[in-house]
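Enquirer: So that we are looking at the same thing, I have put the structure below in structure tokens.
What follows is calculated from the coordinates using simple rules that are stated; it is not laboratory data. All of these numbers come straight from a predicted model, not from anything done at the bench. Positions of Cβ are backbone-derived with ideal geometry, glycine not excepted, and every protein chain shown enters the neighbour counts.
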Amino acid sequence: MADSTPKHDEAGDPEVIEPRPYTEFDPDSPESREAMSHVKALLGFVGDDPAREGLIDTPKRVVKAMNEHFWGYRADPKEPLKRTFTEVENYDELVLLQDMEIHSHCEHHMVPFVGKAHVAYIPDGRVVGLSKLARVVEIFSKRLQVQEKLTAQIANTIQEELNPQGVAVIIQARHFCMCYRGVRQSRAWTTTSKLHGVFLEDSAARMELLTLIGSSNFGLD
């Protein structure tokens, strides 16, 4: 049973926690049944027997997992940013939410890439709950992606919805399509960034951002 305990956002007001769309998986729907038939065909394509004991329920498990992996298609990334707050004592300095875990899938090979995201903005009269920034990252991550596009989508959405003085998004990720296939660079990390406003135009603001990220744990294990 879902937790019905009221949650509160950063301003102390009750926050509506909506269930993620992947909870709606229905294995008996025509769409799910068709998807499961394709998974069964793929199992045969790779050379295994879809009818053997260990694989009988695999099509259902795979489709259910994909419903969870890609629930971002059924969510609006702009929605979490609709509610903002203005009673913030005219705060107009850096807000940084860093080291958010990223779990996404490469649109070229449909294998995972994982890492972390750093999201910063400088308000212009309005601030948004911190969990809402994380939700924007999560929604876009739960779609087939390339890291460059994911970075830009997060930054552009925050810039368009909040219209702050500046937005910065930095993502660092390890791509499994490079780790165990192709060039097999298992320790390679990819870093991407997208900057708007003062972070793009003002070197001092950009340096402050990078310094704050670096003072915590910018290095990768």
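Enquirer: Under unit Cβ charges (Lys, Arg +1; Asp, Glu -1), what dipole magnitude, rounded to 20 debye, does region 21-72 have relative to its Cα centre?
Expert: Working: 6 positive and 10 negative charges, 24 e Å.
Dipole about the Cα centre, nearest 20: 120 debye.
Enquirer: Would you mind telling me the antiparallel percentage of the DSSP bridges in the chain, rounded to 5? Intermediate results must be reported in sequence, preceding the final value.
Expert: Details: 31 of 33 bridges.
Of those bridges, close to 95 percent are antiparallel.
Enquirer: With the cut-off at 1.5 for a/c, could you classify the chain from its C-alpha gyration tensor as rounded, prolate or oblate?
Expert: Details: a/c = 2.82, a/b = 1.58, b/c = 1.78.
Oblate shape, in that a/c is at least 1.5 and b/c is the bigger or equal ratio.
Enquirer: Write down the Å³ per residue value for the convex hull defined by the alpha carbon atoms of region 82-123. Don't skip to the answer; put the middle values down first.
Expert: Working: hull volume 4.2 nm³, N = 42.
Convex hull volume per residue, Cα atoms: 101 Å³.
Enquirer: Tell me, what is a quarter of the convex hull surface for the C-alpha atoms of region 21-70, in nm² with one decimal? Please report the intermediate quantities before stating the final value.
Expert: Numbers: hull surface 14.1 nm².
Approximately 3.5 nm², given one-decimal rounding.
Enquirer: Separate question: Angle, helix 58-69 long axis vs. longest principal axis of the chain, Cα atoms, 0 to 90°, nearest 10?
Expert: 10 degrees
Enquirer: For the Cα atoms of the chain, what angle does the longest principal axis make with the long axis of helix 130-141, in degrees from 0 to 90, nearest 10?
Expert: 40 degrees
Enquirer: What FRET efficiency comes out for residue 51 versus residue 116 if R0 is 30 angstrom and r is the Cβ-Cβ distance? Round to the nearest 0.05.
Expert: Values: r = 42 Å, r/R0 = 1.39.
The calculated FRET efficiency here is 0.10.
Enquirer: In region 85-217, if the dipole is taken from +1 on Lys/Arg beta carbons and -1 on Asp/Glu beta carbons about the Cα centre, which of 154, 96, 165 is farthest to the positive end?
Expert: Ranked along the dipole, the leading option is 154.
Enquirer: Separate question: Among the GluC sites (Glu not before Pro) within region 73-141, which fall in a DSSP loop and have no more than 12 other Cβ atoms within 10 Å of their own Cβ?
Expert: Values: sites: 87, 89, 93, 101, 107, 138; in loops: 87, 89, 93, 107.
When the GluC sites (Glu not before Pro) of region 73-141 are filtered for loop state and at most 12 Cβ neighbours within 10 Å, 87, 89, 93, 107 remain.
Enquirer: Report, in debye and to the nearest 20, how large the dipole of the chain comes out about its Cα centre when Lys and Arg carry +1 and Asp and Glu carry -1 on their Cβ.
Expert: Working: 25 positive and 34 negative charges, 205 e Å.
Dipole magnitude for the chain comes out near 980 debye.
Enquirer: Same structure, new question: Just going by the charge dipole of region 21-72, with Lys and Arg at +1 and Asp and Glu at -1 on Cβ, which of 50, 27, 69 is farthest out on the positive end?
Expert: Of the listed residues, the answer is 50.
Enquirer: Using a basic spin-label model with each label point 7 Å from the Cα along Cα→Cβ, how many nm lie between residue 61 and residue 90?
Expert: 6.0 nm
Enquirer: Helix 147-162 sits at what angle to the longest principal axis of the chain, using alpha carbons and giving 0 to 90 degrees rounded to 10?
Expert: Its long axis makes an angle of about 50 degrees.
Enquirer: Using only the Cα atoms of region 112-201, build the gyration tensor, take square roots of its eigenvalues as a ≥ b ≥ c, and label the shape rounded, prolate or oblate: rounded if a/c is under 1.5, else prolate if a/b is larger than b/c, else oblate.
Expert: On the way: a/c = 2.97, a/b = 2.15, b/c = 1.38.
Prolate, since a/c reaches 1.5 and a/b exceeds b/c.
Enquirer: Test of the criteria: in region 95-199, which chymotrypsin sites (Phe, Trp or Tyr not before Pro) are in a DSSP loop and have at most 15 other Cβ atoms within 10 angstrom of their Cβ? Could the numbers behind the result be given before it?
Expert: On the way: sites: 113, 121, 140, 176, 180, 189, 199; in loops: 180, 189.
Filter output for region 95-199: 180, 189.
Enquirer: How far is it, in nm, from the label point at residue 126 to the one at residue 152 when both lie 7 Å from their Cα along the line to the Cβ?
Expert: Output for this residue pair reads 2.5 nm.
Enquirer: Okay, moving on. Find how much the distance from residue 97 to residue 184 grows on full extension, using 0.36 nm per residue of separation minus their present alpha carbon separation; answer in nm with one decimal. Write out the running numbers ahead of the final one.
Expert: Values: separation 87, 0.36 × 87 = 31.32 nm, distance 3.16 nm.
Taking 0.36 nm per residue and subtracting the Cα distance, the gain is 28.2 nm.
Enquirer: Something else now. Could you calculate the FRET efficiency of residue 202 with residue 38 from 1/(1 + (r/R0)^6), where r is the beta carbon distance between them and R0 is 30 Å, rounded to 0.05?
Expert: On the way: r = 51 Å, r/R0 = 1.69.
Step by step, r from the Cβ atoms, then E = 0.05.
Enquirer: Oh, and also: Would you mind checking the pairs 78/194; 116/142; 60/132; 60/116; 40/78 and listing those with alpha carbons more than 26 angstrom apart?
Expert: Numbers: 78/194 18 Å; 116/142 14 Å; 60/132 32 Å; 60/116 30 Å; 40/78 36 Å.
Violating the 26 Å Cα-Cα cut-off are 60/132; 60/116; 40/78.
Enquirer: Can you tell me the length gained on complete extension of the stretch residue 191 to residue 78, counting 0.36 nm per residue apart and subtracting the Cα distance?
Expert: Working: separation 113, 0.36 × 113 = 40.68 nm, distance 2.45 nm.
In short, 38.2 nm is gained.
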